[in-house]
1. Determine the pairs where a residue that is closer than 26 Å to Ser29 by Cβ and part of a helix (DSSP H, G or I), located within the range 46-66, has a partner that is of a type in the set (Gly, Ala, Ser) and modelled with pLDDT of 95 or more with Cβ atoms under 8 Å apart, the partner being 6 or more residues away or on another chain.
2. Are there any pairs with C-beta distances below 8 angstrom linking a residue in the range 4-33 that is modelled with pLDDT under 95 to a residue that is assigned to a helix (DSSP H, G or I), with the two at least 6 apart or on different chains, and if so which?
3. Filtering the range 28-62 down to residues that are surrounded by fewer than 13 Cβ atoms within 10 Å (Cβ to Cβ) and basic (Lys, Arg), which residue is nearest to Lys17 (Cα to Cα)?
Amino acid sequence: MSSVDELKAEIKKLSAKAMNMKMNLHDLSEELPVNWTTVVTVAQETYDAYAALEAARKRLKELEAA
């Protein structure tokens, strides 16, 4: 498997994780003020998931351009 294929597989996993974190954040927002103390943690995890996804997409674009 090429590094491009491996990166595409990683992007698929990262995308699923990011979408899951987005839904967790959405669900948490609907339940407020219940569990309000977890807002920062869930938001940071969501941010991190999308940052990792964006970085992987950037790496893929660079690999494909080379």
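The values are calculated or read from the model by the stated rules, or taken from the named source; none is laboratory data. Quick caveat, the model's predicted, so the values are computed rather than measured. Every residue, glycine as well, gets a Cβ built from its backbone with ideal geometry; the counts of neighbours run over all protein chains shown.
1. Final answer for the pair search is Thr46/Ala18; Ala49/Ala18; Tyr50/Ala18; Ala52/Ala18; Leu53/Ser15; Leu53/Ala18.
2. Sorted first by the residue in the range 4-33, then by its partner, the pairs are Val4/Leu60; Val4/Leu63; Val4/Glu64.
3. Among them, the one singled out is Lys58.
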